[in-house]
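The values are calculated or read from the model by the stated rules, or taken from the named source; none is laboratory data. Fair warning: this is a prediction, and the values are worked out from it, not measured in the lab. A quick note on method: Cβ atoms are made from the backbone with ideal geometry, for glycine too, and the neighbour counts reach across all protein chains shown. We work out accessible area using only protein heavy atoms, side chains counted, and drop any ligands, DNA or RNA first. Shrake-Rupley method; radii C 1.70, N 1.55, O 1.52, S 1.80 Å.
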Amino acid sequence: MANHHRSNSLPPSTHSFLSKLLLFLTILPLALATLAFVLQWRGGSVSDPTTATSRWAPRGSRREVFPGMETSSSLLPKYHHSSNCINLGRSSSPSFPYYRDWKFGFEDSLKPKICITTSTSAGLAQILPWMFYHKVIGVTTFYLFVEGHAASPNVSGVLESIPGVKVIYRTKELEEQQAKSRIWNETWLSSFFYKPCNYELFVKQSLNMENAIFTARDAGMDWIIHLDTDELIYPAGASEYSLRQLLRDLPSDVDLVVFPNYESSVERDDIKDPFGEVSMFKKNYDHLPKETYFGLYREATRGNPNYFLTYGNGKEAARVQDELRPNGAHRWHNYMKTPNEIKLDNAAVLHYTYAKFSDLTSRRDRCGCKPTQEDVKRCFMLEFDRAAFIIASTATEEELLHWYREHVVWGDKDLRLKLLRKGILTRIYTPMAIIQALRESGVFSSVIANAPATLSRDKFMSSINSSNSSRDVPSVSFSSRKIGGEGENKASARKLLKIEAMAAEVAAVPPLSPPVWTDNDRSPIVERVAGGNSSI
């Protein structure tokens with residue numbers, strides 16, 4: 001027994017070696033893990049895309065990355081006053097892995113250069129997702145004509161800090177300049193003068209578009225688009241999800257490109273963030289077979305005045321060139337030639353109209369018209385806007401909610417499924433996914449945090465709560481010849497002075513309803529008609 005015990009015992013030197021080996025094997029993984037952590041931490045220190053030094057463009061040998069590709073550690077803001085704002089917050093996970101190495105800057109090599117112009121009174125909760133979504137798809141420059149809430153220091157200060165954004169305020173100087181502009185003294189827009197609410201906004205938009213043309217040409221822009229901040233370009237048909245590629249691939253002789261609009265079709269009455277919660281849209285007539293459109297017209301309208309709640313004639317991109325002019329808020333034209341215009345078969349404008357219940361009351365609160373059938377015609381061009389204004393002005397909150405569910409919300413599941421199968425309705429998720437990824441990456445909160453002026457959380461939360469649709473520009477009365485003033489006689493005088501040129505001018509294109517179906521003789525009326533002049 002003693003001999004056996006001695007044969008299995010190990011000498012002290014062997015015990016020491018095994019102990020050291022065990023200790024080494026324990027320390028080695030810990031050391032490697034620590035080294036990997038240090039390397040990852042050092043490698044993740046990229047430039048914040050919203051700082052003034054970064055400007056989203058390469059400088060020297062630094063490698064800039066697309067907003068959203070950073071890890072959360074790279075997006076820690078300089079200040080923490082707005083980092084937890086609702087709807088504009090971030091998560092701890094990186095986003096946009098499928099856009100890795102996608103360059104995002106303002107280099108001269110990015111062609112074509114695309115700008116968007118808008119007239120808005122919305123808040124940051126609406127403008128920032130709208131703007132950065134369009135940056136993702138290739139827009140480099142934004143001309144924002146702001147008033148109301150959008151012109152407040154808390155909002156405009158943030159917007160002015162973003163590269164590629166030019167903020168233009170509705171000042172007395174701008175109004176005087178526009179009162180002397182070329183289109184103000186022509187007749188093609190004159191039928192919209194001296195009327196309140198939507199008519200006044202339509203004229204403002206047209207005047208602002210004229211200003212934007214000159215700015216875009218001086219900046220070397222190739223294309224210009226007018227959009228509201230409740231509209232998103234949907235560049236379907238491009239091999240990549242890119243508006244830049246879509247416009248780059250067009251023949252060089254194309255001057256104007258029409259994007260037919262799809263209209264949001266909400267499925268709930270408690271939508272708070274339309275860009276993030278709405279995925280169902282009603283297709284435009286231009287993207288449907290006539291048999292499908294007219295065959296399901298009544299089911300698609302659900303008793304409303306028209307197939308769409310609001311406009312149906314889309315928006316248009318224009319090639320920036322000499323003698324370009326606006327032709328109302330939905331179209332462009334040229335003084336010297338008939339432009340070559342095409343209409344896209346797949347791409348569209350997604351219009352998030354009446355997507356929130358509060359849109360009803362915001363329209364009511366911004367307009368001083370009387371809630372009568374006759375008076376609302378002075379304020380609104382489209383029939384549904386008129387009906388919505390009247391009900392919002394006369395009904396109780398409970399009655400208004402019931403009306404909203406009946407006329408706006410798609411609560412009938414069977415009808416939804418039928419129209420989805422037939423192609424009238426469609427599901428579109430890409431914009432929602434892009435905006436959600438931007439939000440999670442911290443881009444919005446980082447922009448706010450890095451703005452020069454410090455925003456208090458209370459003020460910013462107040463700005464979110466009071467933000468309205470981009471069309472909710474407060475009605476302003478202008479004196480003399482300016483928009484919205486009492487000037488019917490002056491308008492008539494101008495028409496007489498310009499009567500000789502009227503035949504050569506193309507009248508401004510207002511927001512139009514889609515084609516209307518009538519069964520008087522069981523044949524469709526396929527011409528487009530203005531809202532209010534149509535019936536079913």
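A compact table of results
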{"item": "Area accessible to solvent at Cys197, 1.4 Å probe radius, in Å²", "result": "20"}
{"item": "Cross-link pairs Lys195/Lys283; Lys204/Lys315; Lys166/Lys283; Lys343/Lys422; Lys135/Lys180; Lys290/Lys337 - those with Cα-Cα distance over 26 Å", "result": "Lys195/Lys283; Lys166/Lys283; Lys135/Lys180; Lys290/Lys337"}
{"item": "Calculated FRET efficiency for the pair Thr361/Glu267, C-beta based, R₀ 22 Å, to 0.05", "result": "0.60"}
{"item": "Nearest-20 debye value, region 112-448 charge dipole, Cβ charges on Lys, Arg, Asp, Glu", "result": "300"}
{"item": "Accessible-area value, Arg386, 1.4 Å probe, nucleic acids and ligands omitted, Å²", "result": "20"}
{"item": "Gain upon complete extension [Lys343, Val254; 0.36 nm per residue less C-alpha separation]", "result": "31.0 nm"}
{"item": "Selection of trypsin sites (Lys or Arg not before Pro), region 128-231, meeting DSSP coil and at most 14 other Cβ within 10 Å", "result": "Lys180, Arg182"}
{"item": "Extension reserve of the Leu22-Ser191 stretch, reckoned as 0.36 nm per residue once the Cα distance is removed", "result": "51.8 nm"}
{"item": "Solvent-accessible area, 1.4 Å probe, carbon plus sulfur percent, for region 112-448", "result": "47"}
{"item": "Relative contact order (%) - region 118-205, alpha-carbon pairs under 8 angstrom, separation at least six", "result": "26"}
{"item": "Accessible area, probe 1.4 Å, largest first, for residues Lys370, Lys343, Lys195", "result": "Lys370, Lys343, Lys195"}
{"item": "As computed over region 319-466, the Cα convex hull volume per residue (Å³)", "result": "242"}
{"item": "Exposure of Thr394 as accessible area (Å², to 10), given a probe of 1.4 Å and all protein chains", "result": "90"}
{"item": "Within region 112-448, percent of DSSP bridges classed antiparallel, to nearest 5", "result": "50"}
